[in-house]
Amino acid sequence: MKAANKKNLETPSGVFSSADFWLDQYPEMFSDFDPAPFERRMISQDFIEAVTRRFPEDSEEEICLRISVPKSKCSAKTESVIVKRL
């Protein structure tokens, strides 16, 4: 997993922070030890730590995560599950 620079973006309600993450495939953001489907699989501790390094817990800013995978690995169904989970 690679993470790009954090950016601050203007919104009608104020400022929110944004960070981009590039994954080789969706399972990189889920636990390797959990065989459950994405709907129930635990989020990877590595992924959680990568996100929290970019967004301090005490921040009141809204955040935006952009997660990119190669086009050949994209799945609208999986992406909708991930959006609900995060």
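Restricting the range 65-86 to residues that are hydrophobic (A, V, I, L, M, F, W, C) and surrounded by 14 or more Cβ atoms within 10 Å (Cβ to Cβ), which is nearest to Ser18 (Cα to Cα)? Walk me through it before giving the result.
The initial filter retains those residues of the range 65-86 that are hydrophobic (A, V, I, L, M, F, W, C), namely 65, 67, 69, 74, 76, 81-83, 86.
From what's left, surrounded by 14 or more Cβ atoms within 10 Å (Cβ to Cβ): 65, 67, 69, 81-82.
Working: Leu65: 6, Ile67: 11, Val69: 17, Val81: 20, Ile82: 17 Å.
In this case the residue turns out to be Leu65.
Being more than 10 Å from the chain's Cα centre (by Cα), at pLDDT 90 or above and under 18 Å from Lys84 (Cβ atoms) is a description that does not apply to Met29. One residue stands out among those in the range 48-64 that are assigned to a helix (DSSP H, G or I) and among the aliphatic types (A, V, I, L, M): the one that is surrounded by the fewest Cβ atoms within 10 Å (Cβ to Cβ), which is Ile48.
Among the residues of the range 51-59, is there at least one that is at pLDDT 85 or above, touching a helix residue (DSSP H, G or I) at 6+ places or on another chain (Cβ under 8 Å) and β-branched (Val, Ile, Thr)? Looking through the range 51-59, none of the residues is at pLDDT 85 or above, touching a helix residue (DSSP H, G or I) at 6+ places or on another chain (Cβ under 8 Å) and β-branched (Val, Ile, Thr).
The values are calculated or read from the model by the stated rules, or taken from the named source; none is laboratory data. Remember, it's a predicted structure, so these values are computed and weren't measured experimentally. Heads up, the Cβs are rebuilt from the backbone with ideal geometry, glycines too, and the neighbour counts pull from every protein chain shown.
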